[in-house]
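The values are calculated or read from the model by the stated rules, or taken from the named source; none is laboratory data. Bear in mind that the values here come from a model prediction, so they are computed numbers and not experimental data. Here the Cβ is made from the backbone with ideal geometry for all residues, glycine too, and neighbour counts use every protein chain on show. Areas reflect the complete protein model, heavy atoms only, side chains present, ligands, DNA and RNA absent. Shrake-Rupley method; radii C 1.70, N 1.55, O 1.52, S 1.80 Å.
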Amino acid sequence: MSRSQPYTVACAGGLVTSSNAIDLLKTPGVATELKNFEVSTKGGYRRINGFTKFGGGSAVQPTGSSTTILGAIPYADGVVVCAGTSIYFSQTGTSWLEINRASVSGSGDDHTAFTGRSVAARTGQGQCQFALFESATSDYGTLIISDGAN
C-alpha cells in the first residue's frame, strides 16, 4: 500500500488587491494593477507580447457590417460569435456560417441539409453568456448560449 506525503507549495507575488498601497510597497513581487499580462506556465504572470487578429489582415465581421458583437467564445477549433439577431461560426475568421437554424436534426445534418434549414432569428438579442458542458458523447461538448431573452 502506498503512502501519500503532504507537499507544500509556496504561492507568492502576482496581483494583490486585498492590502493597502503602503503595505504593498514593502512587499516585492506584487502588483496592484496588471494590464496586458497573463498567467505564466512558470508561475506568476508574464507580459503579453502582442496578438494577431483572428483571420489575419482579411478578417471580416460575421454580419459584414458594423453590427455590435454581443459575445464570442472559442469552440470546436474555431469561434462562435453572437451579432445582430444571429449566431455565427468560423474556423478562419474570413468566412462565417450562420448557425441559428430551426428544426435541426437531433442526429446531425450534413452541410447541405443544415444550410437549407430556415434561420431562427434571436429577436431582442442582448449581451450573450456562454456555458460549455463536456460529455463523452460529443467531441467538443455542448455549448449553451443565453442572452436573457432567447
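With (1) out of contact with any Lys or Arg (no Cβ under 7 Å at 6 or more places or on another chain); (2) open to solvent by 60 Å² or more (accessible area, probe 1.4 Å) as the list, and Leu97 as the residue in question, which single condition is left unmet?
(2)
Quick test for you: out of Lys53, Lys42, pick the one residue that is exposed (fewer than 10 other Cβ atoms within 10 Å of the Cβ) and in contact (Cβ under 8 Å) with a residue 12 or more places away in the chain.
Exactly one residue qualifies, and that residue is Lys53.
For Gly124, are the conditions met, namely being at pLDDT 85 or above and exposed (fewer than 12 other Cβ atoms within 10 Å of the Cβ)?
yes
Just checking, which of Asp110, Asp147 is open to solvent by 50 Å² or more (accessible area, probe 1.4 Å) and within 30 Å of Ser58 (Cα to Cα)?
Numbers: Asp147 fails: open to solvent by 50 Å² or more (accessible area, probe 1.4 Å).
Testing whether each residue is open to solvent by 50 Å² or more (accessible area, probe 1.4 Å) and within 30 Å of Ser58 (Cα to Cα) leaves just Asp110.
Looking only at the range 35-80, filter to residues that are touching a Lys or Arg at 6+ places or on another chain (Cβ under 8 Å) and not hydrophobic (A, V, I, L, M, F, W, C); which one of those is farthest from Thr92 (Cα to Cα)?
Step by step, filter the range 35-80, then rank; the result is Ser40.
Residue by residue, here is whether (1) assigned to a loop (DSSP other than H, G, I, E, B); (2) modelled with pLDDT under 75; (3) open to solvent by less than 100 Å² (accessible area, probe 1.4 Å) holds:
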residue	(1), (2), (3)
Ser4	yes, no, no
Thr8	yes, yes, no
Cys11	yes, yes, no
Leu24	no, yes, yes
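In the range 70-84, which residues are at negative phi and open to solvent by 70 Å² or more (accessible area, probe 1.4 Å)?
Within the range 70-84, Pro74 is the sole residue that qualifies.
Could you say whether any residue in the range 62-76 is modelled with pLDDT of 75 or more and in contact with a Pro (Cβ under 9 Å, 6 or more places away or on another chain)?
Scanning the range 62-76, I find at least one residue that is modelled with pLDDT of 75 or more and in contact with a Pro (Cβ under 9 Å, 6 or more places away or on another chain), so the answer is yes.
Test Gly43 against the criterion of being of a type outside the set (A, V, I, L, M) and under 30 Å from Ala21 (Cβ atoms), and give yes or no.
Yes; evaluated as a whole, the condition is true for this residue.
Asn36 passes all but one of (1) under 25 Å from Tyr140 (Cα atoms); (2) loosely packed, with under 12 Cβ neighbours inside 10 Å; (3) not charged (D, E, K, R); which number fails?
Only one criterion is unmet by Asn36, namely (1).
Hey, among Arg46, Arg122, which residue is closer than 20 Å to Ile144 by Cβ and among the basic types (Lys, Arg)?
Values: Arg46 fails: closer than 20 Å to Ile144 by Cβ.
Every option except Arg122 fails the conditions.
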